[in-house]
Amino acid sequence: MEKDGAIVGVKATDKNMNPFTVTAKSIILATGGFGANAEMVIEYNENLEGFSTTNHAGATGSGIVMAEEVGADLVDIDQIQIHPTTDPETGYLFTEGLRGDGAILINKEGKRFTNELLTRDVVSKNILAQTDKVAYLVVNQEMADENASLAGYIEDGYATKGETIESLGSESGIDSSTLATTLKNYTKYVKNKKDEEFDRVHLTQTLEEGPYYIIPVTPGIHHTMGGLKIDTQTHVLDKKGNTIKGLYAAGEVTGGVHGGNRIGGNAVADIIVFGRIAGETSASEIE
Ligand SMILES: Cc1cc2nc3c(=O)[nH]c(=O)nc-3n(C[C@H](O)[C@H](O)[C@H](O)COP(=O)(O)OP(=O)(O)OC[C@H]3O[C@@H](n4cnc5c(N)ncnc54)[C@H](O)[C@@H]3O)c2cc1C
């Protein structure tokens, strides 16, 4: 709600769709990004049509739309991050910590095709270049015993198990002899501390012994880096760069904080740092 050029409240509905209003001397938008709003995603990046999402259903971008209606400017709105390792059916996210801990990625032909530890955008691009835009995380029991997330994925049925490389191949439909060669080479790279194919530097797991597990993955929409333009004090800015009186924003609803490629972990830093600044600034500016 706007009065004399200042934001003075919000109109809302309760769970039974009864309308009500909240008046306030300042409003902080903390409504998150728009990664679950397929229409809005395509509006800003048509290349992402058909992608699944890792986001919760509330990531609709409604805060961005509301603020635009009172003249807010947007920044980096077409910068939408896809995460390389999500479940092809549901968009469920498999942590990249799995690759950090030693998982490798192979394609349908059973071959590695990338340094698994490159940034999200590069690994995603490399997966999308593979047959059917699908890849597979390969791990073994030793890793599952040490990694609670991985143990959970296995328990929840995301992984196919093979006692040996041969059975892993036949269970997953991937050529066993190519898979065996891929794993044999990778074991050698880890032991020699040199990845001769893709220059991966963090080589921890030899993956020499089974049982093995394979998890199919494809990139999914994960984070919307663009959003409302704010200043360092979280004031929402209009298209002329002026502050919109009474309106503040923090978190994924804003843009410009992460540039074109959010680094894992930085969203939590974003919401805590800017959430706190928004609270302090808005409280201090109440007249
Ligand atoms: C699977 C997954 C894993 C992640 N892991 C990490 C990680 O390890 N480290 C990291 O830094 N980041 C991670 N992120 C990103 C991070 O979680 C988000 O960027 C962050 O939670 C955004 O916080 P937020 O408060 O801005 O928005 P949100 O957490 O999305 O909260 C916004 C809330 O506002 C509600 N809302 C929206 N519109 C309205 C409306 N009109 N009226 C009322 N309510 C509304 C939404 O329903 C939601 O509850 C992950 C994201 C996902 C999806």
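The values are calculated or read from the model by the stated rules, or taken from the named source; none is laboratory data. Every value quoted in this text rests on a predicted model; they were computed, and no experiment measured them. Because the Cβ atoms are built from the backbone with ideal geometry, glycine has one as well, and the counts that use them run over all protein chains shown. With ligands, DNA and RNA removed, areas are computed over all heavy atoms of the protein, side chains included. Shrake-Rupley method; radii C 1.70, N 1.55, O 1.52, S 1.80 Å.
Computed values, structure above
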| quantity | calculated |
| --- | --- |
| Interatomic Cα distance distribution for the stretch 1-139, bins of 10 angstrom, percent | 10, 32, 25, 17, 12, 4, 0 |
| Percent RCO, i.e. relative contact order, over the stretch 1-140, from Cα pairs under 8 Å lying at least 6 residues apart | 16 |
| Hull volume in cubic angstrom per residue (convex hull over the Cα atoms of the chain) | 147 |
| GNM result for the chain, Cα springs below 10 Å: residue of Ala57, Ala144, Ala135 fluctuating most strongly | Ala57 |
| About the Cα centre, charge dipole magnitude for the chain (Lys/Arg +1, Asp/Glu -1 at Cβ), debye | 460 |
| Computed E for Glu197/Glu49 - FRET, C-beta separation, R0 35 angstrom, nearest 0.05 | 0.60 |
| Point-to-point label distance, Glu287-Thr95, nm (Cα→Cβ direction, 7 Å offset) | 4.9 |
| For the stretch 154-242: relative contact order, % (alpha-carbon pairs under 8 angstrom, 6 or more apart) | 28 |
| Dipole magnitude (debye, nearest 20) for the stretch 1-139, charges at Cβ of Lys, Arg, Asp, Glu | 420 |
| Under 16 Å from Lys188, Cα to Cα: aspartates and glutamates that are on another chain or at least 8 residues apart | Glu196, Glu197, Asp199, Glu208, Glu209 |
| Those lysines that a straight Cα-Cα span of less than 21 Å connects to Lys108, excepting residues fewer than 8 apart in one chain | Lys125, Lys133, Lys161, Lys184 |
| Of all accessible heavy-atom area on the chain, the percent that carbon and sulfur account for (1.4 Å) | 50 |
| Normalised contact order of the stretch 83-220, rounded percent, pairs of Cα under 8 Å and 6 or more residues apart | 36 |
| Contour excess over end-to-end distance, with Cα ends at Val134 and Phe20 and 0.36 nm allotted per residue | 36.3 nm |
| Residue (of Gly97, Asn242, Leu29) at the positive-pole extreme of the chain, dipole from beta-carbon charges | Asn242 |
| Solvent accessible area, Å² - Glu285, 1.4 Å probe, full protein context | 80 |
| Equivalent ellipsoid semi-axes, the stretch 83-220, via Cα gyration tensor eigenvalues times 5, rooted, Å | 19, 18, 15 |
| Partner aspartates and glutamates for Lys240 [C-alpha distance under 14 Å; skip if fewer than 8 residues away on the same chain] | Glu68, Asp73, Asp231 |
| Theoretical FRET efficiency, 1/(1+(r/R0)^6), r = Cβ-Cβ of Glu68 and Ser167, R0 45 Å, to 0.05 | 0.25 |
| Loop sites in the stretch 57-125: GluC sites (Glu not before Pro), DSSP, at most 14 other Cβ within 10 Å | Glu89, Glu109 |
